[in-house]
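A.B. asks: The following block contains the structure, expressed as structure tokens.
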Amino acid sequence: MLFPDFRGRRLRANKNFRRMIRETRLSSDDLILPLFAIEGTGVKKPIESMPGHFQLSCDHLVKVAQDAHDAGVPALILFGIPDKKDALATRAYAKDGIVQKAIEQIKEKVPDITVITDVCLCGYTDHGHCGIVENGIVENDASLDLLAKTALSHAQAGADMVAPSDMMDGRVAEIRGLLDEEGLSHIPIMSYAVKYNSAFYGPFRQAAESAPQFGDRKTYQMDPANSIEAIREATMDIEEGADIIMVKPALSYLDIIYRLKEEIDLPIAAYNVSGEYSIIKAGEIMGWVNAKDVIMETLVSIKRAGADLILTYSAVDVARELNS
Ligand code: PBG
């Protein structure tokens, strides 16, 4: 049917028509809030490049977790900034590590919020790489044991789900194996299966103090030019026991989300990363864009592409808006 018989504008004419024929609905159920945990008490240190976000000591973390829960956000994901870093990332799997303590506090005070943990070594190694470095090389197999130990320590501290983000090959199987062995077969793994080597992580590395001290992450994170490889990475992690497959970043990779949604039968999460957040916030500060509207539009686009879950630094504001 062509114009003038068909008129696309008829069903755009008023708010209710638009509401009735809307194809994609963003819900607070879809949102996961990333938070940064730091040692100490009373610490709420602004992250300059991420307005509205802070490095938070456990007392403040609990308050933010409560606010997120009250706003209707179902889950948060924790990143830790340890008191000391070393070659073996010892504080990543210490019983009294920062993330382990944060999990205990949040689960005690805000039991109804789901606590996910980022499992990686980059914030805990003195060289800032996501695995163990030997002779200047990030060693895959030598890193697996430490990653699994880290995931186990999070689950033992009470984490509801673990999310490995290191991009070492074989880590999902290693983590699944150790969790199962230790009686934690009920803990799901959300794998950062398709994680690109992205410049959009810049502000996060400042926030988590996790920038590599030499070289870059190109030998383990994916080349942004590749998409067939994304299917291979996702398939491998599914075989190894992943429960949710993540694509990261989100906005420059909507085609990847779409493609995976067609090809795999697990829930897909997309990480709307720090740089994607900071750029919009900077635009807001400059007075050039309406950040609230731009954020809503970008999150809807991520959902429309096929993401079931979205990790976003805007989770609390967006949940409030959606539930108001
Ligand atoms: C740890 C990790 C990173 C992010 C999440 N987990 C940084 C990196 O890989 O350098 C980035 C998150 C963001 O930019 O918001 N490996």
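The values are calculated or read from the model by the stated rules, or taken from the named source; none is laboratory data. Because the structure is a prediction, the values reported are computed rather than measured. FYI the Cβ positions are ideal-geometry reconstructions off the backbone, even for glycines, and counts take in every protein chain you see. We work out accessible area using only protein heavy atoms, side chains counted, and drop any ligands, DNA or RNA first. Shrake-Rupley method; radii C 1.70, N 1.55, O 1.52, S 1.80 Å.
A.B. asks: Scan (1) within 11 Å of the ligand (Cβ to nearest atom); (2) open to solvent by less than 50 Å² (accessible area, probe 1.4 Å) for the single condition Asp216 breaks and write down its number.
C.D. replies: That leaves (2) as the condition not met.
Conditions (1) within 25 Å of Val273 (Cα to Cα); (2) modelled with pLDDT under 95; (3) β-branched (Val, Ile, Thr); (4) assigned to a strand (DSSP E or B), marked per residue:
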residue	(1), (2), (3), (4)
Val133	no, no, yes, yes
Ala142	no, no, no, no
His154	yes, no, no, no
Ala163	yes, no, no, yes
Asp166	yes, no, no, no
Val172	yes, no, yes, no
Asp180	no, no, no, no
Ser185	no, no, no, no
Met190	yes, no, no, yes
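A.B. asks: Which fully enclosed helices (runs of 4 or more DSSP H) of region 249-314 have 1 or more residues being within 12 Å of the ligand (Cβ to nearest atom) and over 12 Å from Val194 (Cβ atoms)?
C.D. replies: 274-285
A.B. asks: Does Phe204 fit the bill of being open to solvent by 20 Å² or more (accessible area, probe 1.4 Å), in a helix (DSSP H, G or I) and among the aromatic types (Phe, Trp, Tyr)?
C.D. replies: For Phe204, the condition - open to solvent by 20 Å² or more (accessible area, probe 1.4 Å), in a helix (DSSP H, G or I) and among the aromatic types (Phe, Trp, Tyr) - is met.
A.B. asks: Inside region 185-208, can you point out the residues that are within 11 Å of the ligand (Cβ to nearest atom) and within 20 Å of Asp255 (Cα to Cα)?
C.D. replies: Matches in region 185-208: Tyr192, Lys195, Tyr196, Asn197, Ser198, Ala199, Phe200, Tyr201.
A.B. asks: Yes or no: Gln55 outside any strand (DSSP E or B) and of a type outside the set (A, V, I, L, M)?
C.D. replies: No; evaluated as a whole, the condition is false for this residue.
A.B. asks: Given (1) more than 12 Å from the ligand (Cβ to nearest atom); (2) small (Gly, Ala, Ser); (3) open to solvent by 20 Å² or more (accessible area, probe 1.4 Å), where does Ala211 come up short, assuming only one miss?
C.D. replies: Result: Ala211 fails condition (1) only.
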